[in-house]
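Read the structure below first, then the notes.
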Amino acid sequence: MTRMADPRPDLLAALHRKALWLSTWMIHHANHVRPGGDGVKVGGHQASSASMAHILAALYLAVLRPEDRVAVKPHAAPVFHALMYLLGRQARDKLRDFRGFGGAQSYPSRTKDTADVDFSTGSVGLGVAQTLFSSLAQDYLRLKGMGQGAEGRMIALLGDAEMDEGNIHEALMEGWKHGLRNLWWVVDYNRQSLDAVVREGLWERHEASFRNYGWDVVVLRHGSLQRAAFAEPGGERLRAWIEAAPNSLYSALTFQGGAAWRRRLVDDLGDQGDVSALIERRTDDELAALMGNLGGHDLPTLLEAFGAARAHDRPTCFIAYTIKGHGLPLAGHKDNHAGLLTPAQMDGFRRAMNIREGHEWDLFEGLDVPEEELRRFLAAVPFAARPRARRSAPAIPVPEALPAPAQPVLSTQQAFGLILHDLAKTDGELARRIVTTSPDVTVSTNLGPWVNRRRVFARAELADTFKRERIPSTFDWHFSPRGQHIELGIAEMNLFLNLSALGLAHDTFGERLIPIGTLYDPFIARGLDALNYACYQGARFLLVATPSGVTLAPEGGAHQSANTPLIGMAQDGLACWEPAYADELAVLMRHAFAHLQAADGGSAYLRLTTRPVEQPRRAMTPALAADIVAGGYWHRRPGPNAAAVIACCGAVTPEALEAAGLLAEDRRDVGLLAITSPDRLHAGWNEAMRSREAGGRAESHVEALLSAVPRGAALVTVLDAHPATLAWLGGVHGHRIRSLGVEHFGQTGTVADLYRHHGIDAAAIMRAAEALAPGRPVRHLRTV
Ligand SMILES: Cc1ncc(C[n+]2csc(CCOP(=O)(O)OP(=O)(O)O)c2C)c(N)n1
Ligand SMILES: [Mg+2]
C-alpha cells in the first residue's frame, strides 16, 4: 500500500487556518472594503468555502500529484484561490479583485483564471461529471499508447446538494459501462443546500447507488477528536447520539455554539454516568470543537482516507461530513449560503486569527509557526512541482482539401458519412486522432461506415456476435482498445461532457484528439447546458447535428428543430455552418478540423439533413471554398435592375432555386444568395463594425455580398429554422426584407407537406417576393 509521507500536522493545520482566513477576508474585502461598486451585492460564499477548506487544504497541500486534475465545486472558489495564493500561484491583486472586473473568478474558470484551474465549474453537476469523462479520455489515450508521463487521478469536489443534478447519475451509469477507474469524487456532506437543510439519510441512498455502479464508498463521518472521545468511557453513547441527530438539529446547535451543545447533550444524556462525565470534562469551547470535528474537518482523517485510496484505481466516492461555515460565526445556520460576516463579526474573526489590521493579505501573518518552516513546506508540496503553463499538443496536419462525394443526388448527412468513410480508409495522423462519439444514434447519423472500419472503443476486445455467427449485418460492432468510436447511451448531457473531455485532451493530457460527436439536431436542447459548459471551458470538437429542421418530417413536431441556428449564432466558442451541398460540406469539414486546433479557433457545429438534394456540377475553386467558410456566396448575382433577391440556407435551397427560376419570368435580374453560415456572417459583420468604429476600414463578407443588391431591391430570406436567423440581413445595407422560416411545432407529413404548411416552399418565396417587389403578377404562383 502506497502511503503518503505525512506532512507535519501543525504546518498543515496552520495553512488551513490561513486559507480559511484568506477566503473569508477576500469575500469581505469585495463587499465592504473595495471601493466602487454599483450597489449589486458581490456575495462570495464564505460558508461554502469554509465547509470545504480542510478538504482542499489536505488535497492541495499534501495529496495531489502534479498530474492529478481537479474540478473544484463552484462556491469553494475562494478557498481554492486562497490556496493558490499560498502556493505562490495566484497574484494578490487577483484576490483583491475577487469577483471584480479582471479579478479572480467567482467560480473556478479554466479560461478566465490561471493555469491551475483544470476544469471550470459554476453550473452545478457538470464539473463533477466532467472528471468522469476525463478519466475515460485518459484511458482512451493510454490504451492507444498516446499518454505520456504519470497517469493522473481525476477528482471532483462537490456539494451534497449538487448530487441532485440528474446529469451526475447519467454519467455514473455511463462510467460503469466503460470500466471507469482512477476517479475520486469528494462530497462535501454539510447537509445544507442553497435554500435549506437536506433530507435525512441521503448519504445512504448515495452510498447504495455508488456501490451499485462498482464504486468504493468511504464515509468520513467522524474526525480524530470524536473517535478518541468515543473510545472514552461512555463514548459509544455519544456516538449513538451524534449519528441519530437530525441534520437540522445538528446544524442549529452548531450555530448556537458550546453552551447550547451542553444544554442539549445534558438534556438528552445527563445523569447517565460515563457519558455525562465525558461531557462535563469539557469546557464549552472544547465541546463545540468536539461536536464540530466531523470527518471532513479533520486533516488526519482526510489524509489517511486519501492515502488509502491511492493504493488502488477503483473509482471512489468520499462522503465527508462537514458543517457549512465551519470555523465562522455563521456555521450551521440554514440561511448562510449567501450570508456574509458583518463588519463586527469580521473584526472579531480577525482578532481571533491574530491578524493585525492592515496585514490581512500577508501570507504568514498571525500563524504560530515560523515563517521559514512554512515556506519550506509550501515549496516541497507535491502539487507545487506542477508546471505553471498549461499543457498543449502540436496541431495535427489537415490536408489541403477533402474530396467531395460525387453522387448526383445526396443529402448532407449522407455526404458526412461518405467523407468520414473516405478518411477512415486513410492511414494518416488525422484519421488516427479522430474519435467519434454518439448517444445511441451512431447508425442513424451515418457514422456506421466509419465505425465499421475504425471499430468501437472498449478496454477489452469483443467481436461482433452477429458477425461471428455469420448473420449478415451492415454494421460490424467489434469492440477493441484500438477502437475509435465511443458509443454512449441515450444521454445528450453525456455526449457533450464526453466531447468536452476529449476536446480538452491536448490541455489535460498533452495529446491532441479530434472529437466528432453526432446527434439529432433537436436534441441539442437536451444537453444544451453541457454544450455551453464545454464551450466555456474552451474544449475543441466538431458537433454534427442531423437531421435538422422539419426535414425530419415524418417524425412530427417532437423531432423537429427550429431554434438551433439561433443557438449556433449565440453560443460563444462554437462556429456554426449549415451547408446545402456535399462539396460545401467537404470544405467545411476540412476547415473545422483546422479551426478546432487553431489557437484562435474554437469548436464547430454542422447542421445537416437527410433530405436528398440534386448536387451542382462545379469545380471547387479556392475562392468559392473561402466564401463557403466565410458564410455565403452568390448562386446567381442580381443584375442592376433586380427588384428581388432571395437568400437561402441549407435544406430549402431547391425551393429557393425553383422560386428564383420561376420569378425570373416576371421580375428582372433576380439574385440568389447561398448562405452557408448565418453565424459566421453575423459575427463578421459585428467585427467589421467594431473595427470601423475604432477607426479601421474593415468590410465584412456579408457587407461585400449584399453590396451587389440594388438599393431598392427587397430581400426574401428562407431557411428550415426560425426566421429570425436571417432577418438581420435587412439591417446590413438597409434593404427591405421578408424572412421566411419555421415558427411553430410541425406535424407529420412529407417534407413538401411541411414546407408548404410552414410557408417555406417555392410558392411562399414567390408570394413574399411579389408582395415586396411590386410589378406584374407572378404568373407561376398559380402553377406551383
Ligand atoms: C445548474 C445550477 N443550478 C443552480 C445553481 C445555484 N446554486 C448554487 S450553489 C447551489 C446549492 C449548493 O448546495 P451544495 O452543493 O450542497 O453546496 P453548499 O452550499 O452546501 O456548499 C445552488 C442551487 C447553480 N450554480 N447551478
Ligand atoms: Mg451542501
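Taking Thr621, is it surrounded by fewer than 24 Cβ atoms within 10 Å (Cβ to Cβ) and polar (S, T, N, Q)? Judged against the criteria, Thr621 is a match. Does region 463-482 contain any residue that is modelled with pLDDT under 95 and among the aliphatic types (A, V, I, L, M)? Yes. Within the span defined as region 409-422, every residue fails to be among the acidic types (Asp, Glu) and not in a helix (DSSP H, G or I). Looking across region 190-214, the residues that are outside any helix (DSSP H, G or I), surrounded by fewer than 17 Cβ atoms within 10 Å (Cβ to Cβ) and within 16 Å of ligand 1 (Cβ to nearest atom) come down to Leu194, Asp195, Ala196, Arg199, Glu200, Gly201.
For first residues located in region 96-115 and among the acidic types (Asp, Glu), partners that are in a loop (DSSP other than H, G, I, E, B) and away from ligand 1 (no atom under 14 Å from the Cβ) and lie 6+ apart or on another chain with Cβ distances below 6 Å form the pairs Asp97/Gly103. When restricted to residues that are in contact with a Gly (Cβ under 9 Å, 6 or more places away or on another chain) and of a type in the set (Asp, Glu), region 353-389 contains 0. Filtering Glu151, Glu174, Glu162 for residues that are part of a helix (DSSP H, G or I) and either out of contact with any helix residue (DSSP H, G or I) (no Cβ under 9 Å at 6 or more places or on another chain) or more than 30 Å from Tyr250 (Cα to Cα) (or both) leaves a single hit, Glu174.
What is the number of the single condition among (1) within 16 Å of ligand 1 (Cβ to nearest atom); (2) under 18 Å from Gly147 (Cβ atoms) that Leu513 does not meet? In the conditions (1) within 16 Å of ligand 1 (Cβ to nearest atom); (2) under 18 Å from Gly147 (Cβ atoms), Leu513 misses (1) alone.
Please determine, by comparing only the residues of region 332-357 that are within 12 Å of ligand 1 (Cβ to nearest atom) and crowded, with 22+ Cβ neighbours inside 10 Å, which one is farthest from the chain's Cα centre (by Cα). Filtering first and then ranking leaves Gly332.
Within region 161-204, the residues that satisfy the criterion of being touching a strand residue (DSSP E or B) at 6+ places or on another chain (Cβ under 8 Å), within 10 Å of ligand 2 (Cβ to nearest atom) and more than 30 Å from Ser438 (Cα to Cα) are Asp188, Tyr189, Asn190, Arg191, Ser193, Val198. None of Ala704, Ala727, Ala721, Ala708 is surrounded by fewer than 21 Cβ atoms within 10 Å (Cβ to Cβ) and farther than 21 Å from Glu770 by Cα except Ala704. The residues in region 205-223 that are in contact with a strand residue (DSSP E or B) (Cβ under 9 Å, 6 or more places away or on another chain), under 18 Å from Arg191 (Cβ atoms) and among the basic types (Lys, Arg) can be counted, and the count is 1. Inspection of region 220-230 identifies at least one residue that is within 16 Å of ligand 2 (Cβ to nearest atom), at pLDDT 95 or above and in a strand (DSSP E or B). Among the candidates Ser23, Ser51, which residue alone is out of contact with any Cys (no Cβ under 6 Å at 6 or more places or on another chain), within 16 Å of ligand 2 (Cβ to nearest atom) and closer than 19 Å to Met346 by Cα? From the options Ser23, Ser51, the qualifying one is Ser51.
Flag: Ala57 matches the condition of being buried (at least 24 other Cβ atoms within 10 Å of the Cβ), over 25 Å from the mean Cα position of the chain (by Cα) and either farther than 30 Å from Arg459 by Cα or within 16 Å of ligand 2 (Cβ to nearest atom) (or both). Do we find that Ile355 is outside any helix (DSSP H, G or I), of a type in the set (A, V, I, L, M, F, W, C), within 16 Å of ligand 2 (Cβ to nearest atom) and touching a residue at least 24 places away in the same chain (Cβ under 8 Å) in this structure? No; evaluated as a whole, the condition is false for this residue.
Taken as a whole, region 130-143 holds at least one residue that is within 16 Å of ligand 1 (Cβ to nearest atom) and in a helix (DSSP H, G or I). Could you please let me know if Glu770 is part of a helix (DSSP H, G or I) and either at pLDDT below 95 or not aliphatic (A, V, I, L, M) (or both)? Taking the combined requirement at face value, the residue satisfies it.
Any residue that is assigned to a helix (DSSP H, G or I), modelled with pLDDT under 95 and among the acidic types (Asp, Glu) - is there at least one of those in region 320-340? Looking for residues that are assigned to a helix (DSSP H, G or I), modelled with pLDDT under 95 and among the acidic types (Asp, Glu), one finds none in region 320-340, hence no. Flag: Arg181 matches the condition of being buried (at least 16 other Cβ atoms within 10 Å of the Cβ), more than 30 Å from Ala260 (Cβ to Cβ), of a type in the set (D, E, K, R) and more than 15 Å from ligand 1 (Cβ to nearest atom).
To keep it simple, each residue is scored yes or no on (1) closer than 21 Å to Leu136 by Cβ; (2) surrounded by 15 or more Cβ atoms within 10 Å (Cβ to Cβ); (3) free of Cβ contacts under 8 Å to residues at least 24 places away in the same chain.
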site: Asp427; (1), (2), (3): no, no, yes
site: Val441; (1), (2), (3): yes, yes, no
site: Pro449; (1), (2), (3): no, yes, no
site: Glu461; (1), (2), (3): yes, no, yes
site: Thr465; (1), (2), (3): no, no, yes
site: Arg468; (1), (2), (3): no, no, yes
site: Pro472; (1), (2), (3): no, no, yes
site: Leu488; (1), (2), (3): yes, yes, no
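Restricting region 730-758 to residues that are in contact with a strand residue (DSSP E or B) (Cβ under 6 Å, 6 or more places away or on another chain) and of a type outside the set (Ser, Thr, Tyr) leaves a set whose member that is nearest to Pro638 (Cα to Cα) is His735.
Candidates are the residues of region 121-177 that are of a type in the set (A, V, I, L, M) and in contact with a His (Cβ under 8 Å, 6 or more places away or on another chain); the one that is surrounded by the most Cβ atoms within 10 Å (Cβ to Cβ) is Leu136.
The values are calculated or read from the model by the stated rules, or taken from the named source; none is laboratory data. Everything numeric here is computed off the predicted structure, so don't read it as measured data. So basically every Cβ, Gly included, is an ideal-geometry build from the backbone, and we count neighbours across all protein chains shown.
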